[in-house]
Structures are given as C-alpha cells and as structure tokens.
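S.K.: Handing you this structure, nothing more for now.
The values are calculated or read from the model by the stated rules, or taken from the named source; none is laboratory data. If you're wondering where the values come from, they're calculated on a predicted model, not measured in any experiment. Here the Cβ positions follow ideal geometry from the backbone for every residue, glycine too, while neighbour counts run over all protein chains shown. Each accessible area value is taken on the protein alone, full model and side chains, heavy atoms only, with ligands, DNA and RNA left out. Shrake-Rupley method; radii C 1.70, N 1.55, O 1.52, S 1.80 Å.
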Amino acid sequence: MSLKHFLLRPLQRGVAWLQYPLPHHLLSRLARWVMRNQTLWLKDNLIRWFVRRHGIRLEEARYTRIAAYPHFEAFFTRALRPEARPVTREPGAVASPVDGTMSQCGTVERSRLLQAKGRTYSLAELLGGSPQRAEPFQGGEFCTTYLSPRDYHRVHMPLDGTLREMVHIPGRLFSVNPATLRHVPRVFARNERLVCRFDTEAGPMAVVLVGALVVGGIETTWAGTLTPPSASRTLAWRYPVSGEEAVHLARGDELGRFTLGSTVILLFGPERVHW
C-alpha cells in the first residue's frame, strides 16, 4: 500500500461515517430545487462551472449551447447525439445500460453480490426482501456500474425486453462513490432504488436503478418520476406482456434517467450470460 493510500483511508472512513446522521432526503430535495431553478445567471454559471470542473464534452450533446437548457437538471439529463453512443449490432450481445465505471462484475454466489472488497450484500434484500423475486437470479450474473457526475445520465436497455414488474423500494441515500462502498456496509440494499424486471431473449433480466446522496429523482420512460417517494413502503406495479399497456423496449432504447450520479446494477439468471 502506498503512503498516499495509507493516509487517505482514515479520512475516507471519516467522511463515509459522517453520512449516517445526514438528512439524506432533505438534502436531495434542496439539491433538486437548485437544479430546477431557472434564474438565468444561476443556471448558466452553474452549468459553465460543471462543464469546466468535470470536463464535459458538450460536442456530444444534442444541444451544445448552454442557453438551450432551461435549468441545470435539463443539462444534467441531456440527450446525446445519436452517433455519440452507437449500440452494438452483434447478435446476443448485452449492451451496457449506462456510461460509467464497471465497479463489480461476476456471479451471484450463495445469494450474495459483491459491493467492494470484503463487503457483500443480499440479493433478496436488494430486490425488496422478496425471495420469490430473487429466485430467478440465484446463481446468475450481475454487473454494477457507477455513474460519476461527468457521465451521461440516461439509462438504456441492454437487450430487447418486455417489462413485467417495476418495484420502488424506499431507503436512505448514501453516496455510492468508491470510498463510501469500502466503508459503509450494504449500501445498495439500503439506498432507495427502483427495480425494473424484464423478459428477454436471455431469460429474466433486472435493471436496478440505485439512488444516492443528492439524487433528486429517478425517472422511467413509461411512468415518469418515481422518486422522491410519496410512501415509506415498497410499492410494486405489474405490467401485461401484450396489448396496448404492455411496455416493449428494444436494445439501446432509453429506459430512464437519474437527476444526479448514481449506480445501475444489472442481473441475469444462471447460465444465460457470460461476461
């Protein structure tokens, strides 16, 4: 271990622990008020600072002028030019659902997923505490992708799929940065999250959108904004697989978006996907 890492570990641990007493949802509501403020000088300067601070490549965006965005949230959830993120055409390939850093990728072993070195969490807990919901993914594959503030924040379909169920699970809003994952146990099973379960050519697939500190909302293309929550209990919606109310999405179609950085966890059943 380098001297730098040795000195940083106590600081990172302290910052992670300081998150416990914070009013997570209140801070997120305040952040969203700022993000949706349309005062010209505020939103323009905030966007300019953000572009410089994080090295945002505005030339990839559908709208490259800051004036085109009515508020910071519209800029943060900006659409990209179609050619900026070409979707793989390879048959049977799984497309990444998001831009970001693939922090963990592997097999669900003994009903647990790896969060960070030395820390795991329960599959059933991640999916709202339901053994029945977790059963199709026991022994299957998972992939965790972290979205930093500089990343594109829309979520897209990894495969063609038909929506079967959407589950909103209330919870805390710990940061999901690497330092927090090393020091706060079960972050993904404690944070507020949205589970979207699909039928695909590779069998059942779950796309889990995990909220985080100052994430003001999670949206889907079929239901709009799902968070902040209006209830303190898990809510589930079932969808028909045919007819006008069925939700069919092709690989690469937009599924949803975050209004600030967070994490997407992708789940497949056993022996269907090989990383």
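S.K.: Hey, among LEU226, LEU213, which residue is within 25 Å of LEU159 (Cα to Cα) and at pLDDT below 80?
M.R.: LEU226
S.K.: Considering region 35-81 alone, what residues qualify as being among the hydrophobic types (A, V, I, L, M, F, W, C) and in contact with a His (Cβ under 8 Å, 6 or more places away or on another chain)?
M.R.: Selection gives MET35, PHE76.
S.K.: So GLU245 ticks every box in (1) open to solvent by less than 30 Å² (accessible area, probe 1.4 Å); (2) free of Cβ contacts under 8 Å to residues at least 60 places away in the same chain but one. Which box is left unticked?
M.R.: Of (1) open to solvent by less than 30 Å² (accessible area, probe 1.4 Å); (2) free of Cβ contacts under 8 Å to residues at least 60 places away in the same chain, only one is false for GLU245: (1).
S.K.: Within region 194-215, which residues are hydrophobic (A, V, I, L, M, F, W, C) and at positive phi?
M.R.: Of everything in region 194-215, just one residue is hydrophobic (A, V, I, L, M, F, W, C) and at positive phi, namely VAL214.
S.K.: When region 53-84 is examined, which residues are found to be closer than 23 Å to LEU255 by Cβ and of a type in the set (Lys, Arg)?
M.R.: ARG57, ARG62, ARG78, ARG81
S.K.: Quick one: how many residues across region 249-275 are surrounded by fewer than 21 Cβ atoms within 10 Å (Cβ to Cβ) and basic (Lys, Arg)?
M.R.: Final tally of qualifying residues: 2.
S.K.: Here's a follow-up. Look through region 120-168, keep the residues that are more than 17 Å from the chain's Cα centre (by Cα) and among the small types (Gly, Ala, Ser), and return whichever of them is nearest to THR88 (Cα to Cα).
M.R.: So the residue we want is GLY161.
S.K.: Looking at region 189-210, which of its residues are open to solvent by less than 20 Å² (accessible area, probe 1.4 Å) and within 17 Å of PHE137 (Cα to Cα)?
M.R.: Passing the criteria: ALA189, LEU194, VAL195, CYS196, PHE198, ALA202, GLY203, MET205, ALA206, VAL207, VAL208, LEU209.
S.K.: Restricting to region 58-106, give me the number of residues that are within 28 Å of THR39 (Cβ to Cβ), open to solvent by 40 Å² or more (accessible area, probe 1.4 Å), free of Cβ contacts under 8 Å to residues at least 12 places away in the same chain and not β-branched (Val, Ile, Thr).
M.R.: Within region 58-106, residues that are within 28 Å of THR39 (Cβ to Cβ), open to solvent by 40 Å² or more (accessible area, probe 1.4 Å), free of Cβ contacts under 8 Å to residues at least 12 places away in the same chain and not β-branched (Val, Ile, Thr) number 3.
S.K.: So, one more: Mind telling me which of the residues GLU135, GLU109 ends up being out of contact with any His (no Cβ under 9 Å at 6 or more places or on another chain) and free of Cβ contacts under 8 Å to residues at least 12 places away in the same chain?
M.R.: Exactly one of GLU135, GLU109 is out of contact with any His (no Cβ under 9 Å at 6 or more places or on another chain) and free of Cβ contacts under 8 Å to residues at least 12 places away in the same chain, namely GLU135.
S.K.: Further question on the same structure: Look through region 176-188, keep the residues that are assigned to a loop (DSSP other than H, G, I, E, B) and open to solvent by 20 Å² or more (accessible area, probe 1.4 Å), and return whichever of them is modelled with the highest pLDDT.
M.R.: Here the residue is ARG186.
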